[in-house]
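Student: Starting off with a structure, shown below.
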Amino acid sequence: MKQRFDVTGMTCAACSARVTKATQSVNGVQSATVNLLKNSMDVEYDGTPETLAAIGSAVEKAGYGAFPHVEQIAGAPGAPAPAPSAQERAVREIKRVKTRLIVSCIFTVPLFYLSMGHMFGWPLPGVFLGHENMMTFALTELLLLLPVLFVNFKFFRNGFSSLARRSPNMDSLVALGSAASTVYGIAAMYRMGFFLGHGDLAAAHVAAMDLYFESAAMILTLVTLGKFFEARAKGKTTDAINSLMDLAPKTATRIDDSGAEEEVPVEQIAVGDLVIVKAGQSIPVDGVVAEGTAAVDEAAITGESIPVEVARGNSVTGATVVQSGWIKVQATAIGQDTALARIIRLVDEATSTKAPIENFADKVSAVFVPVVIAIAVVVFIVWMIVTGNLADAVSHAVSVLVISCPCALGLATPTAIMVGTGRGAKEGILIKSAEALQTAHETATVVLDKTGTITEGKPQVTDCIALNGFDADEFLDIAVALEEKSEHPLAGAVVAYGDEHDAVPSEAQNFATIPGRGISATVDGMACLAGNTALLRGNGIDIGAASASLDELAQDGKTPLLFACDGALIGIIACADQVKPTSKRAIDELRSMGIRTVMLTGDNERTARSIQRIVGVDEVVAGMLPEGKEAKVRELSTTGKVAMVGDGINDAPALARASTGIAIGAGTDIAMESADIVLMHSDLQDVPAALDLSRATMRNIKQNLFWALFYNVICIPIAAGVLAPLGFSLNPMIAAAAMSFSSLFVVSNALRLRTWKPSFASKR
């Protein structure tokens, strides 16, 4: 059983690693996935209440909170107020951090001026000058520091409590660094008092210049500044989901029992209710048109830019927009059951998963903070032994504590995953998991179903040839009369063609289906047949005169239907499943990306080769059954990662077998369920687009991880003082600024994915 938890108290990757470890230690838990960005955790467990309670207890012992997430329906009678959305939580967090930042700056700026002004020749008030005012100078600095400590007390509360539980995190590093600076400054004040009492003004002056209060304040202020920018950037990572949510209308015009129209919140609409939608309005629910006609813009859901004409009996999707006309819609799906809600839920679930590459960051983060604390202790001891200068030892130890940044490691992968999947959703590319996003970038071969994927999936009449003295209209009337009672897809194409050409068919009598061959019936007193060559030859009908035409049609990948009356061939109607206009461009793009393409089809060899000539796939395999497709995918998987693209029930086994299953959005629910990626636009060009997005996201993740590791590998030794013999050292203030910049860099780099576009020139 799967359960989502809301997790409180996490500030960095070390926190998420602790929560994960604590949860996975509980008996009955199969897996736990923590998302630092969303402060959530998805747990697979045995479904027992005991295990659920044990998870909450284990996380609490680790120093955090874990509460089962409850989906609440707004507007329901007696329902509690809905929990704040991710966007609302982000806004609140930004406001809280902004308030702390403003207060910190108000007191840190004058503190910095007071403590460091003499170094830059800045004038100071006379009340702070001279030996007689040294204690006033020190007390003023301490008083300016106290409000900064107060508004940022969360660092100390969380940091020291984590230390007490032997699970230190980023807050622990900040708390240790700023507390050490504060304690050192207070100790310096005591030294001042001692030296002033003994008349040693020179020693008192040295102590006054060694307070370190400004370092403590600047550490807290700069870290808070970094947290402010980080919170703003993190808030933008959910923009894609928020924009999808904004598509849903907030109100609907419902028809009540008396027939009157009333505007109500969309949450009050129930299945079976009738709603009126006029031009310019969004359809509030999924449903069926009960009355009226309209042109509906479905671009938000399907990506199609051309409006679709709908009338009575047609299905409509919530969040699509009526451009002209009006319709009365009977609701068939509401709330969380609508297509839009399913898309949002799919994207949300994808951003809650972890890519395999993130495991590396988790392992590093689990030991990072304890190692940094150990390094800081060693640095302090070494500097005391080498120089005997307490101030230098404290400065370097504090710099090591403050400059270290497990946040960057923790944010490297989830930020890119969230932005990448969100960007894909806006482009109609729904990626179900972070693992799928990572796996897709390694694709070496793309296997394509033919019908409905490369082709339209709807056969159309391409040729109508009358023979043996029958004129075209007469022949078409007989053909439509025969096919009207058939349920075969090719029969439907013939009937549609007849409607377009104003055929006037007679009523067919004695209709019968001949499995695998065709049909028979009596039309206008004539015994007629319609079907393949085997049917006509089996009934002794000579088709030699049409052999050349039949060969030519087959060579072009067309399926011929032969018609005969009273023992003579009267005509041929050829049908073909038309290739989608973008299929060739998509396959050309895959080839340019270094990806091999293979087409699998149940059609005959001639038809398959004809499609190959049109679109240019590298390999075709004809006459494939569903199990054959799965076996072929399994075979190809031995030489590299395989992506399977399909749309039908018969594609489901192959989609499940492939490294990455990609379902065309217009396909069946079974195919979409089996797939890892769903293409809402039903456009084959979205296949290379999806793979390009995967590559772009993985590049971004690797950049983030490289930066996080490079930053710590370089900066920690510098903070420790390895360059001090060359005259270069990092004081704690610069270290705090560098740490904040590191996290900000990772999040900002991930946000670049918001501008991603397929690398090829034109996707549509």
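The values are calculated or read from the model by the stated rules, or taken from the named source; none is laboratory data. Given the structure is predicted, the values throughout are model-derived calculations rather than measurements. Quick reminder, even Gly has a Cβ in these numbers, built from the backbone with ideal geometry, and neighbours come from all protein chains shown.
Student: Six or more apart or on different chains, Cβ atoms under 7 Å: show the pairs whose first residue is in segment 100-122 and loosely packed, with under 13 Cβ neighbours inside 10 Å and whose second is modelled with pLDDT of 70 or more.
Tutor: That search, which allows pairs on different chains as well, returns Trp122/Tyr113.
Student: Return yes when Thr415 is assigned to a strand (DSSP E or B), closer than 30 Å to Leu679 by Cβ and touching a helix residue (DSSP H, G or I) at 6+ places or on another chain (Cβ under 8 Å) and no when it is not.
Tutor: Details: assigned to a strand (DSSP E or B): no; closer than 30 Å to Leu679 by Cβ: yes; touching a helix residue (DSSP H, G or I) at 6+ places or on another chain (Cβ under 8 Å): yes.
No; evaluated as a whole, the condition is false for this residue.
Student: Looking for something in contact with a Cys (Cβ under 9 Å, 6 or more places away or on another chain), modelled with pLDDT of 85 or more and surrounded by fewer than 18 Cβ atoms within 10 Å (Cβ to Cβ) - is there at least one such residue anywhere in segment 561-582?
Tutor: Looking through segment 561-582, at least one residue is in contact with a Cys (Cβ under 9 Å, 6 or more places away or on another chain), modelled with pLDDT of 85 or more and surrounded by fewer than 18 Cβ atoms within 10 Å (Cβ to Cβ).
Student: Somewhere in segment 523-533, is a residue under 22 Å from Asp471 (Cα atoms), surrounded by fewer than 16 Cβ atoms within 10 Å (Cβ to Cβ) and hydrophobic (A, V, I, L, M, F, W, C)?
Tutor: Scanning segment 523-533 turns up at least one residue that is under 22 Å from Asp471 (Cα atoms), surrounded by fewer than 16 Cβ atoms within 10 Å (Cβ to Cβ) and hydrophobic (A, V, I, L, M, F, W, C).
Student: With the requirement that a residue be surrounded by fewer than 18 Cβ atoms within 10 Å (Cβ to Cβ) and assigned to a helix (DSSP H, G or I), what does segment 447-476 give you?
Tutor: Ala472, Asp473, Glu474
Student: Then there's this: Please pick out the residue among Ser506, Ser486 that is in contact with a Gly (Cβ under 9 Å, 6 or more places away or on another chain) and polar (S, T, N, Q).
Tutor: After ruling out the rest, the residue left standing is Ser486.
Student: Which of the following residues is under 24 Å from Ala391 (Cα atoms), of a type in the set (Phe, Trp, Tyr) and at pLDDT below 85: Phe760, Phe728, Phe745?
Tutor: Numbers: Phe760 fails: under 24 Å from Ala391 (Cα atoms); Phe745 fails: under 24 Å from Ala391 (Cα atoms).
Only one candidate qualifies: Phe728.
Student: Another one. Test each condition in (1) modelled with pLDDT of 80 or more; (2) within 17 Å of Asp676 (Cβ to Cβ); (3) in a helix (DSSP H, G or I) for Asp651 and report the one that comes out false.
Tutor: (1)
Student: Kindly list, by first and then second residue, each pair from a residue in segment 705-728 that is without any contact (Cβ under 8 Å) to a residue 12 or more places away in the chain and more than 30 Å from Ile417 (Cβ to Cβ) to a residue that is of a type in the set (Ser, Thr, Tyr) and surrounded by 14 or more Cβ atoms within 10 Å (Cβ to Cβ), limited to pairs with Cβ atoms under 9 Å and residues at least 6 apart or on different chains.
Tutor: Close Cβ pairs (under 9 Å, with a partner that is of a type in the set (Ser, Thr, Tyr) and surrounded by 14 or more Cβ atoms within 10 Å (Cβ to Cβ)) amount to Leu723/Ser729.
Student: May I ask you to say which residue of Ser395, Ser305 is among the hydroxyl-bearing types (Ser, Thr, Tyr), modelled with pLDDT under 85 and buried (at least 17 other Cβ atoms within 10 Å of the Cβ)?
Tutor: Exactly one of Ser395, Ser305 is among the hydroxyl-bearing types (Ser, Thr, Tyr), modelled with pLDDT under 85 and buried (at least 17 other Cβ atoms within 10 Å of the Cβ), namely Ser395.
Student: Give segment 274-290 a look and list any residue that's surrounded by fewer than 21 Cβ atoms within 10 Å (Cβ to Cβ) and modelled with pLDDT of 90 or more, or say none.
Tutor: Of everything in segment 274-290, those that are surrounded by fewer than 21 Cβ atoms within 10 Å (Cβ to Cβ) and modelled with pLDDT of 90 or more turn out to be Leu274, Ile276, Val288, Ala290.
Student: Right, another one. Residues in segment 494-514: is at least one surrounded by 23 or more Cβ atoms within 10 Å (Cβ to Cβ), closer than 28 Å to Ala554 by Cα and not basic (Lys, Arg)? Even if it seems obvious, please write down each step before you answer.
Tutor: Just the residues of segment 494-514 that are surrounded by 23 or more Cβ atoms within 10 Å (Cβ to Cβ), to begin with: 494.
Next, from what is left, pick out any that are closer than 28 Å to Ala554 by Cα: 494.
Remaining after also requiring not basic (Lys, Arg): 494.
The answer is yes; a qualifying residue exists.
Student: Hey, another quick one. Identify the single condition in (1) at pLDDT below 85; (2) in a strand (DSSP E or B) that Gly325 does not satisfy, given that it satisfies every other one.
Tutor: Every condition holds for Gly325 apart from (1).
Student: Just checking, how many residues over segment 26-46 are closer than 17 Å to Gly65 by Cβ and among the small types (Gly, Ala, Ser)?
Tutor: 2
Student: Give the number of residues within segment 23-57 that are more than 22 Å from Ala412 (Cα to Cα) and surrounded by fewer than 22 Cβ atoms within 10 Å (Cβ to Cβ).
Tutor: Final tally of qualifying residues: 20.
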